[in-house]
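Colleague: Mind having a look at this structure? Questions to follow.
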Amino acid sequence: MKRLPTALLLAPALIVTVGLTGGAVALGFARSFGVQPFGISAPTTEAWVEAAHLSGLLGSVGMTLWVASVATLLSGLLGVAAALGLQTMLAGVHFRRLAAVLVQLNLAVPHVVIAVGTLFLLAQSGLAARTAFAVGLIDRPAEFPALVADPLAFGVIAGYAIKEAPFVATVVLVQLAILGGKPAAVARSLGANRWQAFRHVLLPMIAPGLLAALAVVFAFALGAYEMPAVLGASRPKLLPVLAYDLFTSKDLADRPVAIALSLMTAAFAFATIAGLRLLLRAPGHGR
Amino acid sequence: MTERGTGLPARLAGALLAALFLAPLLPLIPWSLSRGWFWPALLPVVDGRAWAALLDPSTGMLGAAATSAGVAAAVALVATAIAVPAGLALGRRRFRGKGLLELCLLAPAALPAIAVAMGLHAIFLRLGLAGSATGVALAHLAPTLPYAILTVTAAAAADDGRRERVARTLGAGPGRTFLLVTLPALMPGIATGLAFAFIVSWSQYGLTLLIGGGRVVTLPLILTQFLAAGRNDIGAVAAIVTVVPGVAVLALAAPFVTRLLPAAGRRG
């Protein structure tokens, strides 16, 4: 039977991935070194030097890492808790289907909508503050803690945690479904309490999938623009917002600097995922 | 799984978390109903002006919805069409360097969209693609293609292609076999891929903003524009309108997604 060559089947996907996406990264890289696509110019490291000396860069980098780390941790905790809660509620039911519905609904809500919703919820005159007033906790909006555009970026973190926790929950639910009830039941029959059965039996078994999901969340929270653009403070700006503002500034000389920053963020995101893959593949991991 | 009937606390925790995940969508409803939802009212004085603005052509809301739908539909179709042959190759064939290739094809999903946008910006300007819906759709292929490839590959791997060989033995030509055997077998992957690609494109923000240069206005963009203009009510309407089609598309694809999931489970 004659088959189409594998290379031909893969060609369109490769053209888009290598040509368009890879090309974008390559062109950005070239431009950050001062090489224009259609001009003749000598490469220069000016933009990278300038990016490295940007005032407040350290604050931005620190803040971006803080937001991504705490958001990842929170979505991990909430996601695992939600998965275990759902699993208990749905013991004996086809909860895989419900897990699918859960992640699907969440997937269908764009980040910018969650960002704006979180703004309406947590701002000092938002729904949470109004509820606090209604039950007599506060008298004026100013008495409600500043959770949006705040120095610790709590609003951005909350937005990411709410958006990504259901994603983590679904990955965990699918893993639990694959494992089945036996491992936990055996641990329980050998005298482990519920927490011990989870901590020492289930958690190690779901760890690879959980960590992979968390790496995706971390990488995303490092590089996404809309959540910090809507919920973040103007100082220090998170890296994606800093890069965007530089790219769209009136001074065209800022553009290569902006590209350098966005490539740096991308490299960080990839390093996280690649590092995790290596870690999970390392000998002696699976125990 | 864990023993039955356990824990009111666990049930409560589950319910609380479900409420938490939906909490940001809640204030969109009162805001969409009232131009001035003033502190400290919990309920708005309903005026319906924002919903009227949705239908008023001069606000650009309908135009933004049409642009969003056109771009996302085109992106979903093209990405899935590209993903079908690639998914067949990745899901059914063995070849050297397959693992690395799969990684390369999926990696763009982890690439920050603004890095892609900034890289494409200069060349798209040069080619006249910046500021056009075509350019925006082309750029959206970068973050959407990995999702389409992932779902079609999963569907292709769940079926070993034996039925194609049977069809060929029974005398069906390659075209007929592809249309009547291969495509139906891939349907769960194709439907899910279309839905995911549509939603990923529909949700893009920074990429659309940079490549569209303010001239291609999609729903996520008009939403923040009205917010910046102090019209929280129209912004809330735009946010609600932004959520609905994605949910609808996923609801349509749901039967196919659940057919993909157990397949993934069996392999594990």
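Every number here is computed from the coordinates shown, using simple stated rules; none is lab data. In this text the structure is predicted, and so the values were computed from the model without any measurement. Reconstructed Cβ throughout: ideal geometry from the backbone, glycine too, with neighbour counts over all protein chains shown.
Colleague: Using only the alpha carbons, work out the radius of gyration and Dmax of chain B in angstrom.
Modeller: Rg, Dmax (Cα atoms, Å): 22.5, 74.
Colleague: Take peptide B:118-131, look around each residue's Cβ out to 10 angstrom, count Cβ atoms belonging to other protein chains, and average those counts.
Modeller: Working: counts 18, 17, 7, 7, 9, 6, 2, 1, 2, 0, 0, 0, 0, 0.
Shielding by partners across B:118-131 averages 5.
Colleague: Take chain B, connect every pair of alpha-carbon atoms lying under 10 Å apart with a spring to form a Gaussian network, then pick out the residue of B:L180, B:L250, B:L219 with the largest mean-square fluctuation.
Modeller: Comparing B:L180, B:L250, B:L219 in the GNM, the peak value goes to B:L180.
Colleague: Let me ask another. DSSP loop (so not H, G, I, E, B), at most 12 other Cβ within 10 Å: list which trypsin sites (Lys or Arg not before Pro) in the stretch B:79-130 pass both filters.
Modeller: Numbers: sites: B:R92, B:R93, B:R94, B:R96, B:K98, B:R126; in loops: B:R93, B:R94, B:R96.
Answer in residue order: B:R94, B:R96.
Colleague: Provide Rg and Dmax in Å for chain A, with only Cα atoms included in the calculation.
Modeller: Cα only, chain A: 23.2, 79 Å (Rg, Dmax).
Colleague: Quick one: the Cα spread of the stretch A:105-185 along its three principal axes, in angstroms, biggest first?
Modeller: Principal axes ranked by extent give 54, 29, 24 Å for the Cα atoms.
Colleague: Right, next: Determine the shielding of peptide B:68-78 by partner chains: average, over its residues, the number of Cβ atoms on other chains within 10 angstrom of each Cβ. Walk me through the numbers on the way to the answer.
Modeller: Details: counts 0, 0, 0, 0, 0, 0, 0, 0, 0, 0, 2.
Rounded to a whole number, the mean comes out at 0.
Colleague: Could you work out which residue, out of A:A229, A:A11, A:A274, moves most in a Gaussian network model of chain A, that is, has the largest mean-square fluctuation with Cα springs under 10 Å?
Modeller: Maximum fluctuation in the GNM of chain A, among the listed residues, is at A:A11.
Colleague: Can you tell me the Rg and the Dmax, both Å, for the Cα atoms in the stretch B:140-268?
Modeller: When restricted to the Cα atoms of the stretch B:140-268, Rg and Dmax are 19.7, 67 Å.
Colleague: Also, I was wondering about something else. Taking a quarter of the surface of the convex hull around the Cα atoms of the protein assembly as shown, what do you get in nm²?
Modeller: Working: hull surface 117.1 nm².
Its average projected convex-hull area is 29.3 nm².
Colleague: Once you keep just the Cα pairs under 8 angstrom separated by 6 or more residues, what percentage relative contact order results for the stretch B:68-173? Don't skip to the answer; put the middle values down first.
Modeller: Values: 80 pairs, mean separation 51.6, N = 106.
Result for the stretch B:68-173 is 49 percent.
Colleague: For the stretch B:24-41, in order, what is each residue's ³J(HN,Hα) by Karplus, 6.51 cos²θ - 1.76 cosθ + 1.60 with θ = phi - 60°, in whole Hz (x at glycine and Pro)?
Modeller: Coupling constants for the stretch B:24-41: x, 7, 4, x, 5, 5, x, 4, 6, 9, 8, 5, x, 9, 7, 4, x, 4 Hz.
Colleague: Once phi is turned into ³J(HN,Hα) by the Karplus curve 6.51 cos²θ - 1.76 cosθ + 1.60 with θ = phi - 60°, what whole-Hz value does each residue of the stretch B:150-160 show in order, with x for glycine and proline?
Modeller: For the stretch B:150-160, the Karplus-derived couplings read 4, 6, 5, 4, 4, 5, 5, 6, 6, 9, 8 Hz, x marking Gly and Pro.
Colleague: Okay, next question. What Kirkwood hydrodynamic radius, in Å, does the stretch B:87-184 give when the mean of 1/r is taken over all pairs of distinct Cα atoms and then inverted?
Modeller: Values: mean 1/r = 0.0623 Å⁻¹.
Computed over the stretch B:87-184, the radius equals 16.0 Å.
Colleague: Something else about it: If I take all pairs of Cα atoms in the stretch B:179-238, what percentage of them are more than 20 Å from each other? Numbers along the way, then the final one.
Modeller: Values: 838 of 1770 pairs.
Every Cα pair in the stretch B:179-238 considered, those over 20 Å come to 47 percent.
Colleague: For peptide A:22-31, how many partner chain Cβ atoms fall within 10 Å of a residue's Cβ, on average?
Modeller: Numbers: counts 6, 5, 13, 8, 1, 7, 8, 2, 2, 5.
For peptide A:22-31, the averaged partner shielding equals 6.
Colleague: Highest mean first, what order results for A:155-162, B:134-141 on Cβ atoms within 10 Å? Kindly include the intermediate steps, with their values, before the conclusion.
Modeller: Numbers: A:155-162: 27.6, B:134-141: 24.0.
Descending packing order for the listed peptides: A:155-162, B:134-141.
Colleague: Note down the net charge around B:D233, summing +1 for each Lys or Arg and -1 for each Asp or Glu among other residues with Cβ under 10 Å from its Cβ.
Modeller: Values: positive: B:R35, B:R49, B:R231; negative: B:D47.
Once positives and negatives cancel, what remains is +2.
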